[in-house]
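The values are calculated or read from the model by the stated rules, or taken from the named source; none is laboratory data. Please read all numbers here as calculations on a predicted model, not as lab measurements. Cβ atoms come from the backbone with ideal geometry, glycine included; neighbour counts cover every protein chain shown.
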Amino acid sequence: MRRLALGLLAICAVAPHAAAHNIKPDRELVIQFDARGGVAMWQVTIGGPQAVVMLAAADLDHDGRLSEGERVALAVSLLSKAVRGVALSWDDAPLAQAELKPRLDAGDRTLTARGLVELKLPEGCGTHRLGVALEARVPPLGVDVQAISGWRLEGVSIGGVAEGAHLTAAVALAPGDHLEVRVAARCEPAVPR
């Protein structure tokens, strides 16, 4: 029941833009900026018969349960679908990312793979542009950008259309969409010596 409530909350969070495109993404990207920099959490959920088949195929030793290695392999496979056709940029340059740390939650008929990755942000304070571009022939993507601890969102636009400034930017991108979020890092004053 708790997962259902969290799932409904996530769907409601992307509702404003999703309603315009009439889409419900099965893959999500949450980007958070905080005092330590930036992180991205990818998530993809597969349900029904497709999940049952994938679980059976991932159980390579056919013991009826997934070992840690089998779970990681399946999570990486699913996460490759989550990131397919998505380009992240920082001030119009490709955004470097550290190694993906995968995790898999498996139910009877549902698979959810999550992957956490550190974003390698260039040094510097002031306002920057985070871009999330979705290729034309890929599934929709729910995107939530959050700024805390010295960061703030200054503006959001999708395909050049301004969506305003918010504490968080939660949208659903349709194939071919491009999200741009203006993110400001607070410049810490130099500590007197």
Looking at (1) surrounded by fewer than 19 Cβ atoms within 10 Å (Cβ to Cβ); (2) at pLDDT 95 or above, can you tell me which one residue 104 breaks? (1)
Among the residues of the range 91-140, write down those that are of a type in the set (A, V, I, L, M, F, W, C), touching a strand residue (DSSP E or B) at 6+ places or on another chain (Cβ under 7 Å) and free of Cβ contacts under 8 Å to residues at least 60 places away in the same chain. 95, 96, 98, 100, 104, 133, 134
Strands (runs of 3 or more DSSP E) wholly inside the range 71-128 that include at least 1 residues being β-branched (Val, Ile, Thr) and touching a Gly at 6+ places or on another chain (Cβ under 8 Å): 110-120
Considering the range 147-173, residues that are out of contact with any His (no Cβ under 7 Å at 6 or more places or on another chain), of a type in the set (A, V, I, L, M) and surrounded by 13 or more Cβ atoms within 10 Å (Cβ to Cβ), and then whichever is modelled with the highest pLDDT, we arrive at 173
For the range 24-61: of the residues being without any contact (Cβ under 8 Å) to a residue 60 or more places away in the chain and acidic (Asp, Glu), which is nearest to residue 142 (Cα to Cα)? 59
Selection count, the range 23-73, where residues are in contact with a strand residue (DSSP E or B) (Cβ under 8 Å, 6 or more places away or on another chain), under 30 Å from residue 148 (Cβ atoms) and either surrounded by 13 or more Cβ atoms within 10 Å (Cβ to Cβ) or of a type in the set (A, V, I, L, M) (or both): 21
Run down 176, 131, 142 and say which single residue is at pLDDT 90 or above, crowded, with 21+ Cβ neighbours inside 10 Å and either of a type outside the set (Lys, Arg) or in a strand (DSSP E or B) (or both). 142
